[in-house]
Amino acid sequence: MALTRLDRLLPRGAILLAVLTFGGYAMGLVRDRIFARTFGAGTELDAYNAAFVLPELALDVLVASGLTAPFVPIFLGLREGDGGDRAAHEFGQTILTLAVLVMAVASALLFVLAPFTVSVIAPGFQATADRDLYTGLFRVMCVTPLIFAASIALGEVLVADRRFLFYGLAPLLYNGGIVAGSVLFAGSLGIYGAALGAVLGALLHLGIRVVGIGRTGFRIRARLAVRTAAVREFIQLMLPKMASHPVDPLTFLYFTALATRFGAGNVSAVSFARNFQSVPVSLIGVSIAVAAFPILSAAAAAGDRPAFVRILTTNLATTGILTGGAAIALFVLSRVVISVLLGGGAFDTEDVALTAGLLAAFAVSVPLESLTHLLARAFYATHNTLIPVMASVAGLIVIVITAEALAPMVGVTAIPIAFTAGSLTKVTLLILLVGTRVRRIGISPPR
């Protein structure tokens, strides 16, 4: 009876994803604690965090954006069509090959252009040593997007098959790689030990998904069957998503640049606070959204509007209630959380106070950001990526306007306040417009 009721409130696989996500964040906490005690909130760790921004942005724009929205609905549609598994697998192999090729070219270009990115990503780095450190770390980070490109593509196949164990283990192993690199090599290589750990973690991220794929009928092989209706539809849906997907990385690129204006340590404090804020978002919001996505896609493809509405509304309510409670707890306990989990060593009382204040401000955005993940996937399930683009762009505009207006008055705290304002804008627009897609289910084919 209890399991039946739970199935009505949560999509199958959501609890498993939540448990694995919790494990990933526990490993992430170990990572952050090692960082805090080893490096403190200073220039060295600022350079490390800044070096991630542009490679991650390239990965998000060129690969992740084209996979997270259209892949699952198209893959499942092909599987249910006349071509069956063969058509779906050929489509998946083509997308996997394209993702790796595109990211290989982008990573090579970023490696060459690394020195010229300092003024954009970290304008506050004036000393030559700081700029050189950033450039060196940046070039190491250029390896990870290539590995992640393959892993993300395989991860979407796992989501379509609802094999969430191997999908969810990957982030945990990624953080584990960073921890291993930091512990083993920080003494001899300094912050470069953590960078090498990131490469190791990316390899582990890919490796566990390869193991998971081995338990499906999908075979990893190079294929470029690009002249198909499925690939054409994929590209049509991918392009609007590519336009909006950089919004989140660009937002935190902007936050990084803004934080450097307030002195050393502010970039790291924002990064630590955001890491803690994202725990309930990923643990609850993303887990529910990912688990519900294939079910929503199947209901939309079958033209079953009542089922689609039931799945969406139930999971929106569950997400809102759970993340609302998490936000309150995070707001109240922010000082205790940061003091207990990060305080000590090079991370002094001033660092604790700064980071705790930012975390308390970020906490307000938890339910808002969580709801956007499920709402966006509701649009993707109906083969629409344009409306989430509009909402994301509107949110970014609100973020920049709010941050620039508040920064002179409240300093670095303007960052979490602006992020909340942008999230509120995005979720409001998505809620207002989702009905336009729901009404079309069962009347016309998704397009």
Checklist outcome for this item: Listed by first then second residue, the pairs whose first member lies in segment 422-441 and is at pLDDT below 95, whose partner is surrounded by 20 or more Cβ atoms within 10 Å (Cβ to Cβ) and acidic (Asp, Glu), with beta carbons under 7 Å and at least 6 positions apart or on separate chains, are Ser423/Glu369
Item to check | Breaking point among (1) under 24 Å from Arg215 (Cα atoms); (2) in a helix (DSSP H, G or I); (3) basic (Lys, Arg), for Arg139 | outcome: (1)
Checklist entry - What pairs can you find where one residue is in segment 289-313 and farther than 13 Å from Gly442 by Cβ, the other is in a helix (DSSP H, G or I) and polar (S, T, N, Q), and their Cβ atoms are less than 7 Å apart, with a gap of 6+ or different chains? => result Ala292/Asn315
Checklist outcome for this item: Leu224: passes all of (1) of a type in the set (A, V, I, L, M); (2) free of Cβ contacts under 8 Å to residues at least 12 places away in the same chain; (3) more than 23 Å from Ala47 (Cβ to Cβ) but (2)
Next on the checklist: Considering only segment 189-201, I want to know if a residue exists there that is under 24 Å from the mean Cα position of the chain (by Cα) and under 17 Å from Thr97 (Cα atoms).
Outcome noted: no
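Quick one: which helices (runs of 4 or more DSSP H) lie wholly within segment 37-120 and hold at least 3 residues that are modelled with pLDDT under 85? Explain how you work it out, then say what you get.
Numbers: elements: 43-59, 65-68, 71-80, 84-113.
Correct list: 43-59, 65-68, 71-80.
Return the residue satisfying two criteria in turn: it lies in segment 151-168 and is in a helix (DSSP H, G or I) and over 15 Å from the mean Cα position of the chain (by Cα), and of such residues it is nearest to Leu59 (Cα to Cα).
Going through the qualifying residues, I end up with Leu154.
Does segment 150-157 contain at least one residue that is in contact with a helix residue (DSSP H, G or I) (Cβ under 7 Å, 6 or more places away or on another chain) and over 19 Å from Ser65 (Cβ atoms)? Spell out how you get there, then give the answer.
Start the filter on segment 150-157 by keeping residues that are in contact with a helix residue (DSSP H, G or I) (Cβ under 7 Å, 6 or more places away or on another chain), which leaves 150-157.
The next check asks that each one be over 19 Å from Ser65 (Cβ atoms); those that pass are none.
No.
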Checklist entry - Which residue, of Ala202, Ala195, Ala104, is surrounded by 20 or more Cβ atoms within 10 Å (Cβ to Cβ) and out of contact with any Ser or Thr (no Cβ under 6 Å at 6 or more places or on another chain)? => result Ala195
Next on the checklist: Out of the residues in segment 349-369 meeting the condition of being surrounded by 15 or more Cβ atoms within 10 Å (Cβ to Cβ) and acidic (Asp, Glu), tell me which one is farthest from Thr425 (Cα to Cα).
Outcome noted: Asp351
Checklist entry - Would a scan of segment 161-173 turn up a residue that is within 15 Å of Val143 (Cα to Cα) and modelled with pLDDT of 90 or more? => result no
Next on the checklist: Of the conditions (1) in contact (Cβ under 8 Å) with a residue 40 or more places away in the chain; (2) assigned to a helix (DSSP H, G or I); (3) under 28 Å from Arg33 (Cβ atoms), Phe125 satisfies every one except a single condition; which number is it?
Outcome noted: (2)
Next on the checklist: With the requirement that a residue be buried (at least 21 other Cβ atoms within 10 Å of the Cβ), at pLDDT 85 or above and either in contact with a strand residue (DSSP E or B) (Cβ under 6 Å, 6 or more places away or on another chain) or assigned to a loop (DSSP other than H, G, I, E, B) (or both), what does segment 205-257 give you?
Outcome noted: Phe218
Checklist entry - With respect to Asp85, is the statement that it is charged (D, E, K, R) and surrounded by fewer than 18 Cβ atoms within 10 Å (Cβ to Cβ) true? => result yes
Checklist entry - Which of the residues that make up segment 193-223 are within 20 Å of Ala87 (Cα to Cα) and aliphatic (A, V, I, L, M)? => result Ile213, Ile220, Ala222
Checklist outcome for this item: Condition set among the hydroxyl-bearing types (Ser, Thr, Tyr) and over 14 Å from Cys142 (Cα atoms), scope segment 35-53, selection surrounded by the fewest Cβ atoms within 10 Å (Cβ to Cβ): answer is Thr38
Checklist outcome for this item: Of the listed residues (Ser271, Ser297, Ser339, Ser287), the one being under 19 Å from Asp46 (Cβ atoms) and surrounded by 16 or more Cβ atoms within 10 Å (Cβ to Cβ) is Ser271
Checklist entry - When you go through (1) within 21 Å of Ile284 (Cβ to Cβ); (2) more than 19 Å from the chain's Cα centre (by Cα) one by one for Leu375, which number turns out not to apply? => result (2)
Checklist entry - Taking segment 189-216, which residues are small (Gly, Ala, Ser) and either in contact (Cβ under 8 Å) with a residue 12 or more places away in the chain or under 28 Å from Asp130 (Cα atoms) (or both)? => result Gly190, Gly193, Ala194, Ala195, Gly197, Ala198, Gly201, Ala202, Gly207, Gly212
Checklist entry - When only residues in segment 399-426 that are over 27 Å from Gly265 (Cβ atoms) and surrounded by 19 or more Cβ atoms within 10 Å (Cβ to Cβ) count, which is nearest to the chain's Cα centre (by Cα)? => result Lys426
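The values are calculated or read from the model by the stated rules, or taken from the named source; none is laboratory data. Bear in mind that the values here come from a model prediction, so they are computed numbers and not experimental data. Cβ: placed from backbone, ideal geometry, glycine included. Neighbour counts: every protein chain shown.
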